[in-house]
Amino acid sequence: MEIGFVNENDCIKVEILCKKLIKPSSPTPSHNQCYKLSFFDQIAEREHIPIVLFYPYNNKNNNINSPTIDERLEKSLSDVLTHVYPAAGRYDENDECSILCLDQGVSYTKAKVNCKLDNFLEKTRKDFSLATLFWPHENKKMGQNNFMVSPIVTIQVTKFECGGLALSVSVSHPAIDGFTGLQFLFGWGKVCRLGTPIDKINFLTFNLGNIFPTRDISTLFNSPDIVNREENIVVKRFVVREAALSRLKKQCIDESGGALSFQPSRVEIVTAILWRAFIRASAARNGYVRPSLMDFPLNLRSKSSLPQVKTSMGNFRIDVQIKFIPGETKMELHNFIILIRNTMNKLIASCAKASPDEIVSTLVNIYNQSVTSPEWGGNNEVDKVACSSLCKFPLQDIDFGLGKPSLVYFGLKDMEIFWLYDTDCHTTEVGVQLDLKESTMQLFECDNDIKALMFIRDAKL
């Protein structure tokens, strides 16, 4: 079975070699066979979220070209699933707020591709969306009709001609958020690399459903208006170097005339630059500056005073809605930084000492005042974009014994979003992946701030 993509007379073909189900190495105990989802899981989008990590051939690792790398990946995955048992289950057809953990297994596909990793990376400089070729093949069969009976986790391991690997993991959003997915990858990599015994695998807890039980949501939320998403999404990437961040920070502080009373973080600086360029691109296309709504997912595990949620599996986040109103917020960079900081701080303060019921109330209010509001989320005259920061999560440490990943690809290509991430655990530089509509990207790249940064888009990771 082959899937392929033809680009400029070069054909990349991914051949599916085999598909199987990987099950926990030990049976799930009967008292864990019904996993209750939480309120946050209940309201999550019904979609699979993929990530692809590309690992170069490592000539210091004698096993990379031998069958043992396949054996190690599969055995360690089976061992990890003994701990993360809901990942190997299926949603209960009689109760969609539960997962039946009967060791049904995760979908695991092995494949090969007819090119070398270096050649593929060269092609991604022009079209980064080529990375979607390595999404789990099983995902192509999924739709809204069969989503709830599909595997919670799908995985595909694709080998390049040079021995490099593309490892793609896709997780079902109603069960797994970004934090959980990355913890799963990090934990799996560590077990694969070190051969950790099963009784020592313990990186997640499974209690969110008890702390935030599911609710009747029929009266909680306004009905969302449908917003058009028909335009093709294109994907590009670049790296903001440490020197550029230092220069931008100094520039923001100097130009603010004292209005910027704090040291902005690198995430705030980069987010402000990207959002302002997005708004400018819209203004160039429409002839006037339009309102904009930025969705910034915030992991609540480290923001809440609830001690038992720090490592909880599932969804535990609030999508902070940051509103740009023309005339109310000026277009200088420090104005965007202040707007971002103030909105985030207000939300964090409201959740810091809040009870579970108060946190739910905060989320519902944000959703109804922004996401489903006819003035904002339901308004086609408002430009919407998301920004997801994975900075401070050690992507470079997702190591299966193959070394560090040379490239990471995020997301679904179904919405406009900025992805921010660390390119190295020992530097402050920020990697950026842009998923934008084609018409937006053309104008976005012409922004002077972006042109000053994108000349180094070829950088690794």
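Within 10 Å, at most 14 other Cβ atoms, and a DSSP state outside H, G, I, E, B define an exposed site. Report the longest part of the chain free of exposed chymotrypsin sites (Phe, Trp or Tyr not before Pro).
Working: sites that count: Phe221, Phe262, Tyr288, Phe455.
The longest uninterrupted stretch comes out as 1-220.
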Residue farthest toward the positive end of the dipole of the range 221-303, with Cβ of Lys/Arg at +1 and Asp/Glu at -1: which of Gly257, Leu293, Ala243? Ala243
Would you mind checking the radius of gyration and Dmax of the chain based on alpha-carbon positions, in Å? 22.1, 64
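If R₀ is 25 angstrom, what is the calculated FRET efficiency for the pair Thr372 and Glu93, using the beta carbon separation as r and rounding to 0.05? Before the final figure, lay out the partial values.
Details: r = 28 Å, r/R0 = 1.13.
Once rounded, the FRET efficiency stands at 0.30.
Is the C-alpha gyration tensor of the range 299-410 telling us rounded, prolate or oblate? Criteria: a/c under 1.5 is rounded; beyond that, a/b larger than b/c is prolate, otherwise oblate. Intermediate results must be reported in sequence, preceding the final value.
Working: a/c = 1.99, a/b = 1.31, b/c = 1.52.
It is oblate, given that a/c is not under 1.5 and a/b is not larger than b/c.
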Over 30 Å between Cα atoms, which of Lys126/Lys303; Lys20/Lys392; Lys392/Lys451; Lys249/Lys384 qualify? Lys126/Lys303; Lys20/Lys392
Defining a contact as two alpha carbons under 8 Å apart and six or more residues distant in sequence, what relative contact order in percent does the chain show? 21
Hey, what's the chain come to in accessible area per residue, 1.4 Å probe, Å²? 43
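How much mean residue ellipticity at 222 nm does the chain get from its helices, if each DSSP H run of length 4 or more adds -39500 (n - 2.57) and you divide by all residues, to the nearest 500 deg cm²/dmol? Display every interim value, and only then the final one.
Numbers: 11 runs with 129 residues, N = 461.
The per-residue figure over the chain is -8500 deg cm²/dmol.
Computing the accessible area with a 1.4 Å probe over protein heavy atoms, can you report the carbon and sulfur percentage for the chain? Please list the in-between numbers first.
Working: 9860 of 20010 Å².
After summing per-atom areas, the C and S share lands at 49 percent.
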For the pair Lys346 and His426, the simple spin-label estimate (label points 7 Å beyond Cα toward Cβ) gives in nm 4.2
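Evaluate E = 1/(1 + (r/R0)^6) for Gln263 and Asn286, where r is the Cβ-Cβ distance and R0 equals 45 Å; express this FRET efficiency to the nearest 0.05.
On the way: r = 35 Å, r/R0 = 0.78.
With a Förster radius of 45 Å, E is 0.80.
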Among Tyr55, Ser38, Asn146, flag the residue with its Cα farthest along the positive direction of the charge dipole of the range 21-148, charges on Cβ as +1 for Lys/Arg and -1 for Asp/Glu. Tyr55
Alpha carbon centre of the range 101-138 versus the range 351-375: separation in Å? 37
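So between Glu45 and Ser439, what do we pick up on full extension, going 0.36 nm a residue minus the alpha carbon distance? If you can, show how the numbers build up before the last one.
On the way: separation 394, 0.36 × 394 = 141.84 nm, distance 2.62 nm.
Length difference between fully extended and current span is 139.2 nm.
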Pull out a ≥ b ≥ c, the square roots of the eigenvalues of the alpha-carbon gyration tensor of the range 114-234, then state rounded if a/c is under 1.5, prolate if not and a/b is larger than b/c, and oblate in the remaining case. oblate
Along the Cα→Cβ direction, 7 angstrom out, place labels at Asn207 and Cys391. What is the inter-label distance in nm? 3.2
Mean Kyte hydropathy of 1.0 or more with a Cα span along the axis of at least 18 Å, helices from DSSP in the chain: none
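The values are calculated or read from the model by the stated rules, or taken from the named source; none is laboratory data. Note that the structure is a prediction, hence the values are computed from the model and not measured. We place every Cβ from the backbone using ideal geometry, glycine too, and count neighbours over all the protein chains shown. The protein model used for the area step is the full one, side chains on, heavy atoms only, and it has no ligands, DNA or RNA in it. Shrake-Rupley method; radii C 1.70, N 1.55, O 1.52, S 1.80 Å.
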